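All of the numbers you see were taken from the coordinates with simple rules; none came from a lab. What you are looking at is a predicted structure, and each value in this text was computed from that prediction instead of being measured. Heads up, the Cβs are rebuilt from the backbone with ideal geometry, glycines too, and the neighbour counts pull from every protein chain shown.
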Amino acid sequence: MGRPRTGQSRGQGPSGASSGNPRGGGSTTRERDSRGPRPRDRGRGDSEFQDRVVEIRRVAKVVKGGRRFNFSALVVVGDGNGRVGVGLGKANTVPAAIGKGQDRAKANMFQVPMRNTTIPHEVLGKFESSSVMLKPASEGTGVIAGGAVRAVMELAGIRDVLTKALGSTTAVNLVQATIDGLKQLRSKADIEQMRGVKITL
């Protein structure tokens, strides 16, 4: 029996460099992450938008040979100045699901009518078995809302509002019901144009 070669430890190739993966499958996750962002994340430059992950869920699909796990991420994106959007991303990894959710939320952004720091009038948003009541509040009240509804309000730039969740409290339903309510809002100018009269308050 010959002696083992010097300068070659366990997990190293003939040249002495680490093979990364003991099975020979290429570089490790840590080595891949050190190379920098993926090509799809480079050059986005959307610094004016803020995003918040409301919920991440893991779902399993039973296939031949076992179960296949996927992830869904509910993401809210807004500029803090009246524009907000919501997106649901699905992928087999959490970062990819969040990235898809961000892209869809930016594509679904819309302008929310506001009166100073609150909403112009009371409204009731509905989605499936969930309802969210939104009421204007005086300055200094703050955002009186739960986690899912609060994320939409804060990223939209609404700083004073009263909310009440009715029915199902599933995060996806509450967020969509909040979006439905915000889309029903009309500013004073919109109502005047629609009715053809001058409103004096």
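On full extension of the chain, what length is gained from ALA60 through ASN92, given 0.36 nm per residue of separation minus the C-alpha to C-alpha distance?
10.5 nm
Take the alpha carbon atoms of the stretch 41-110, find their radius of gyration, then divide it by 2.2 N^0.38 Å using N residues; give the quotient.
My calculation over the Cα atoms of the stretch 41-110 gives 1.27.
Between VAL53 and LYS126, what length in nm is gained on full extension when 0.36 nm per residue of separation is reduced by their alpha carbon distance?
Stretched out fully, the VAL53 to LYS126 stretch lengthens by 24.1 nm.
What FRET efficiency would be calculated for the residue pair ASN70, ALA189, taking the C-beta separation as r and a Förster radius of 35 Å, to the nearest 0.05?
FRET efficiency, ASN70 to ALA189: 0.20.
Using 0.36 nm times the number of residues separating ASP103 and SER168, minus their current alpha carbon distance, what extension gain do you get?
Extra length from ASP103 to SER168 when fully extended: 20.7 nm.
Just list whichever of LYS126/LYS183; LYS61/LYS126; LYS106/LYS183; LYS61/LYS90; LYS90/LYS164 have alpha carbons separated by over 20 Å in the model shown.
Too far apart for the 20 Å limit: LYS61/LYS126; LYS90/LYS164.
Let a ≥ b ≥ c be the square roots of the eigenvalues of the Cα gyration tensor of the stretch 111-195; is it rounded (a/c under 1.5), or, if not, prolate (a/b larger than b/c) or oblate?
Because a/c hits 1.5 or more and a/b fails to exceed b/c, the stretch 111-195 counts as oblate.
Whole-Hz ³J(HN,Hα) for each residue in the stretch 152-168, computed from phi via Karplus 6.51 cos²θ - 1.76 cosθ + 1.60 with θ = phi - 60°, x for glycine and proline: what do you get?
5, 5, 5, 6, 7, x, 7, 9, 9, 6, 10, 10, 9, 8, 10, x, 5
First check a/c for the stretch 60-147, with a ≥ b ≥ c the square roots of the eigenvalues of its C-alpha gyration tensor; if it is under 1.5, answer rounded, and if not, answer prolate when a/b is larger than b/c or oblate otherwise.
Because a/c hits 1.5 or more and a/b exceeds b/c, the stretch 60-147 counts as prolate.
With each label point set 7 Å from Cα along the Cα-Cβ vector, what nm distance links THR141 and ASP79?
2.6
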